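The values are calculated or read from the model by the stated rules, or taken from the named source; none is laboratory data. Remember, predicted model here, so these are calculated numbers, not experimental data. Neighbour counts are summed over all protein chains in view; Cβ atoms, including those assigned to glycine, are modelled from backbone coordinates with ideal geometry.
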Amino acid sequence: MSSPETPDAGHHRPVAAFDFDGTLARRDTLLGFLVQATSTSRVAMAMAAESRALASDRDQGKVRVLRRLLAGDDPERLTRLGHDYAVGLGHVLRPEMTERVRWHRTEGHELVIVSASLAYYLEPLAHTLGFDHVIAVEFEVGADDRLTGNLAGPNVRGPEKASRLTAWFGERPATELWAYGDSSGDDELLGMATHPRWIGRRAKRNA
């Protein structure tokens with residue numbers, strides 16, 4: 001999802017970066033999409049088969065579960081499912097956070113989602129909410145136009161969130177950065193921010 005052309009106002013670049021699950025949304029949204037893309041029983045079997053991997057290394061466990069469920073799938077099918085799934089996510093969004101998104105948009109700030117969830121449904125949802133860009137999990141597509149089962153880059157969590165956001169900034173870093181998150185996977189993202197804001201159980205950390 002590309003950022004629109006914006007005028008260069010003396011290099012001033014205010015940006016607001018939002019985690020998704022637990023921050024913009026009240027709960028996890030990945031499992032619901034995987035159930036829609038496969039089935040409840042297949043997701044349960046994949047989670048059970050990779051329970052040891054999930055317990056020892058959350059990121060690698062996630063990759064293994066996704067590979068079991070989606071390797072060989074048609075990316076166009078998942079894109080269609082993602083658009084349908086995004087339509088139904090309105091009820092899980094935190095009203096106070098969608099209001100915060102509106103405030104940033106009114107102020108003319110650039111808006112970006114930085115999430116370990118899937119771009120298939122975050123991109124259409126972000127477009128509806130008025131975001132400029134999405135940094136999220138994407139899949140590698142093979143020469144046969146099917147998913148290989150590998151991610152197109154590391155899981156977007158922890159240090160990778162800060163790294164990917166910095167790469168998106170390129171030669172125009174944010175002159176002021178608001179960042180919103182709810183878990184340890186957002187520590188580095190909020191550590192970058194001029195205005196870090198914790199949501200949910202970590203809100204007690206806010207000044």
Could you check the stretch 95-129 and list, in sequence order, the residues that are touching a Gly at 6+ places or on another chain (Cβ under 9 Å) and among the basic types (Lys, Arg)? 102, 105
Residues of the stretch 111-134 satisfying the condition of being under 8 Å from the mean Cα position of the chain (by Cα), not in a helix (DSSP H, G or I) and not hydroxyl-bearing (Ser, Thr, Tyr): 113, 114, 116, 118, 134
Only one of (1) on the phi < 0 side of the Ramachandran plot; (2) touching a residue at least 40 places away in the same chain (Cβ under 8 Å) does not apply to residue 149, and that is (1)
How many residues does the stretch 125-153 contain that are out of contact with any strand residue (DSSP E or B) (no Cβ under 9 Å at 6 or more places or on another chain) and more than 17 Å from residue 102 (Cα to Cα)? 4
If you go through the stretch 141-163, how many residues are farther than 13 Å from residue 70 by Cβ, within 17 Å of the chain's Cα centre (by Cα) and in a loop (DSSP other than H, G, I, E, B)? 6
Looking at 64, 100, which is the one that is modelled with pLDDT of 95 or more, surrounded by 13 or more Cβ atoms within 10 Å (Cβ to Cβ), over 21 Å from residue 25 (Cβ atoms) and out of contact with any Pro (no Cβ under 9 Å at 6 or more places or on another chain)? 64
